[in-house]
Amino acid sequence: MADVRIRPVTELDIEAICRIDERITGKYRPDAWEDRVIYYIRRDPDSSQVAEIGGRVVGFMLGEVRGGEFGLEEPTGWVEFFGVLPDARDKGVGRSLIEALLARFKSQGAHVARTMVRSEDKDIDAFIRRNGFAPAPVTALEKRL
Amino acid sequence: MLAGTLKAMTDEIRMLPKAYHDAVEHWQRHNFPEYPQLTERWQQYFPKDAEFCLCARLEKDMPTEIQVGDRKGQPKALAPKELDKEAAEQLLMIVRAQASTEFGSIQQHHGTFERANDPQDQTWVLRVMAEELRHGYQMIHLLTSADWSKWTDTKPQDMVEEILSMQTGSHVLAAFNLEYDSFGDSIAFAAFIDRVGKYQLTMQKVNTYAPMAASMPPMLREEAFHLAAGVIPMRRWMEAAARDRNATMDVPTIQKMCAKWYGRGLEMFGDERGGATNVKLGLKDLTNREAQDLYIAECGKMLDDINTRFVRARLAHLSRDDADKAYARIKDGKTVEGIRRDDLLRLPDRRFFRRRGEPAFQMIGHDGEQFTDVEEYIAHVLAHLPEAYRASIDVKHWIEMQRKVSRGEIELKKAINSMPRLARVGGACPCSKSVRWVMDVPEGTSGGGERLNP
Ligand SMILES: CC(C)(COP(=O)(O)OP(=O)(O)OC[C@H]1O[C@@H](n2cnc3c(N)ncnc32)[C@H](O)[C@@H]1OP(=O)(O)O)[C@@H](O)C(=O)NCCC(=O)NCCS
Ligand SMILES: [Fe+2]
Ligand SMILES: [Fe+2]
């Protein structure tokens, strides 16, 4: 594994996160990432993490511990937004990020971590499962209005 | 429990004894009258966040052995009496200065709070102010929750009284004696001055006095938000400036705010040549210059990010890679599609407009140019400062000192230590019914009487 440094996200990572998102989705969405990053920073700046290689931010993962969602009362560590630059993939960056989030969740009193993956995102699904997640006994239902 | 809400589980919560708690709340009523708005705005802007609590928070599970300095490896002090004399005295000064910054910044934000033109920015600043109040509370907790009588003759109630009596103009550090010219200063202050706070708190995480070290992580988590509350509005100003030539915040205005605050931020690290004693005593883990160098690099990174937002908005037709290349060329001094270096933000030279530390009064220009004629230098500095600030007592005082130093009419050391006299009402409580903030402390109280969170 290359020299990957994992550290908590800061306000000075917003532009790097925009850059990674832009590589993945082709869209520049600074407002959306500013809103998201300040949300996680103000709730718990030690949960969400970025990965650096040679001083360059190549990946990020945003998430936090919450309780009481979906009727699931127990404190739950939610893995919510993440991405790794295409040229930095398959080097364990994603794994290092998720491990850092899970460690923080545990120290915050969570005994379970959860995430939601859209069925068409096969790659993300595979990555998440490789990191020890299994389908939860919950079915997501929706109705178009 | 509210849906999606969870209280942080890592800190231990402490309340001050009633007399001190009341004194802080009393101070708040006079200096921070906006505070009651927090509850309602919290519901609107931070609906699922854990509620704000005016209390001291101590991180659990911190290292128990001294991490730096001469006594590295020995057990940390749990009570003041276990400290060395020098460390104890130095620490008392640090706590007093830290407390002064916390309460001082509220007074500064208060000055222009009502003039904010964006409700979200204003609410962020309101939260910052409340958290600064909590930080001040935390410092008072350190002074009053333990017995310091071995190291100082000052009673805890008098230490607290002294802290609460400081006004803009009598604070320990210059950055907290500058009045704001507009609400924009709240933003620039959060981006530049709270950032120094982050460095100080981070360095003190190793502090040899265990309660001081344990006070830092909860404060740092709040500080992370303060920095975002400064940087994000600045990013948005720059985006607006790129799109709209009549944006209310144009680049020269933002640049001048940077010039106003940056030098004061650099000076908060203390003299560039100092800080080794604090490391030796196990109070901090970096010397002044080491910390300042990191800060300078970080401010440069901040402006690069903000400038990128401008370039992306102005040159929206360029791909990310091409925009990054364009910015690199502009930074290098080239003009790209009409954008010049001066159209973007840049960090002033670290020696520009300095009044303390190694480069104090050295007549170095905004971009590093050396001046020999004092009047030319003053004109140069004034041209780089915000107009409203130029008319302040602070700038007037600097001009006097700069002239005297350059003409050899005052010793450099005296000029460095000279503070502008701001005409200020005395700092005691303005209520007619009392002359002190701290009241009803039983005689002979020397701390230790704290109560746990009810
Ligand atoms: C998913 C993603 C984060 C993986 O990052 P990465 O740094 O390449 O992951 P790692 O190298 O740490 O891989 C960790 C494990 O997951 C596995 N994995 C990763 N991607 C995989 C895939 N597409 N299929 C199967 N397994 C995969 C790896 O093989 C590895 O397993 P191993 O350690 O047992 O060999 C990255 O591909 C990505 O950013 N994808 C796009 C994400 C996205 O669209 N985000 C927006 C929605 S929030
Ligand atoms: Fe603070
Ligand atoms: Fe702050």
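One line per residue, one yes/no per condition, for (1) more than 16 Å from ligand 3 (Cβ to nearest atom); (2) open to solvent by less than 30 Å² (accessible area, probe 1.4 Å):
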position	(1), (2)
B:Pro119	yes, no
B:Thr123	no, yes
B:His135	no, yes
B:His141	yes, yes
B:Trp148	yes, yes
B:Gln167	yes, no
B:Ala188	no, yes
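Every listed requirement among (1) open to solvent by less than 10 Å² (accessible area, probe 1.4 Å); (2) within 16 Å of B:Gln90 (Cα to Cα); (3) more than 16 Å from ligand 3 (Cβ to nearest atom) is met by B:Val160 save one, (2).
For the structure I just gave you, tell me whether B:Asp70 is touching a helix residue (DSSP H, G or I) at 6+ places or on another chain (Cβ under 7 Å) and farther than 22 Å from B:Val160 by Cα. The answer is yes for B:Asp70. All conditions but one from (1) at pLDDT 95 or above; (2) more than 30 Å from A:Pro30 (Cβ to Cβ); (3) open to solvent by less than 10 Å² (accessible area, probe 1.4 Å); (4) aliphatic (A, V, I, L, M) apply to B:Leu178; the one that does not is (1). For the stretch B:144-154, indicate whether the set of residues that are assigned to a loop (DSSP other than H, G, I, E, B), within 14 Å of ligand 2 (Cβ to nearest atom) and aliphatic (A, V, I, L, M) is non-empty. Checking the stretch B:144-154: not a single residue is assigned to a loop (DSSP other than H, G, I, E, B), within 14 Å of ligand 2 (Cβ to nearest atom) and aliphatic (A, V, I, L, M). Screening the stretch A:72-96 for residues that are charged (D, E, K, R) and touching a helix residue (DSSP H, G or I) at 6+ places or on another chain (Cβ under 9 Å) and picking the one that is farthest from A:Ile14 (Cα to Cα) gives A:Arg95. Of all the listed residues (B:Glu89, B:Glu131), the sole one being within 16 Å of ligand 3 (Cβ to nearest atom), in contact (Cβ under 8 Å) with a residue 12 or more places away in the chain and among the acidic types (Asp, Glu) is B:Glu131. For the stretch A:68-109, filtered to residues that are among the small types (Gly, Ala, Ser), within 11 Å of chain B (Cβ to nearest Cβ) and surrounded by fewer than 21 Cβ atoms within 10 Å (Cβ to Cβ), the residue that is farthest from the chain's Cα centre (by Cα) is A:Gly71.
The condition of being part of a helix (DSSP H, G or I), at pLDDT 95 or above, within 23 Å of B:Gly104 (Cα to Cα) and aromatic (Phe, Trp, Tyr) holds for only one of B:Trp261, B:Trp237, that being B:Trp261. Filter the stretch A:16-67 down to residues that are out of contact with any strand residue (DSSP E or B) (no Cβ under 9 Å at 6 or more places or on another chain), among the charged types (D, E, K, R) and at the interface with another protein chain (Cβ under 9 Å from one of its Cβ atoms) and give me whichever is least open to solvent (accessible area, probe 1.4 Å). Per the stated criteria, the residue is A:Glu34.
Taken together, the residues in the stretch B:318-360 that are of a type in the set (Gly, Ala, Ser), within 14 Å of chain A (Cβ to nearest Cβ) and assigned to a loop (DSSP other than H, G, I, E, B) amount to 1.
Of all the listed residues (B:Thr112, B:Thr39), the sole one being open to solvent by less than 50 Å² (accessible area, probe 1.4 Å), assigned by TED's automatic domain parsing to the domain that holds B:Pro217 and in a helix (DSSP H, G or I) is B:Thr112. Evaluation of B:Leu345 against the conditions (1) in contact with a Cys (Cβ under 8 Å, 6 or more places away or on another chain); (2) open to solvent by 40 Å² or more (accessible area, probe 1.4 Å) shows that the sole unmet condition is (2). For the stretch B:56-89, filtering for residues that are away from every other protein chain (no Cβ under 14 Å) and either within 20 Å of the chain's Cα centre (by Cα) or within 16 Å of ligand 1 (Cβ to nearest atom) (or both) leaves 1. Here B:Ile163, B:Ile187, B:Ile140 are screened, and the one residue that is in the same structural domain as B:Arg221 (by TED's automatic domain parsing), more than 30 Å from B:Val251 (Cα to Cα), of a type outside the set (Asp, Glu) and modelled with pLDDT of 95 or more is B:Ile140. Being touching a helix residue (DSSP H, G or I) at 6+ places or on another chain (Cβ under 7 Å), over 30 Å from B:Met212 (Cβ atoms) and away from chain A (no Cβ under 14 Å) is true of B:Met249. Exactly one residue out of B:Ala88, B:Ala99 is out of contact with any strand residue (DSSP E or B) (no Cβ under 6 Å at 6 or more places or on another chain), over 22 Å from B:Leu164 (Cβ atoms) and part of a helix (DSSP H, G or I), and it is B:Ala88.
Taken together, B:Leu283, B:Leu294 contain a single residue that is more than 16 Å from ligand 2 (Cβ to nearest atom), out of contact with any Asp or Glu (no Cβ under 6 Å at 6 or more places or on another chain) and within 14 Å of chain A (Cβ to nearest Cβ), which is B:Leu294.
The values are calculated or read from the model by the stated rules, or taken from the named source; none is laboratory data. Quantities reported herein were computed from a predicted structural model and do not represent experimental measurements. Please note: Cβ atoms are built from the backbone with ideal geometry, for glycine as well, and neighbour counts cover all protein chains shown. Areas reflect the complete protein model, heavy atoms only, side chains present, ligands, DNA and RNA absent. Shrake-Rupley method; radii C 1.70, N 1.55, O 1.52, S 1.80 Å.
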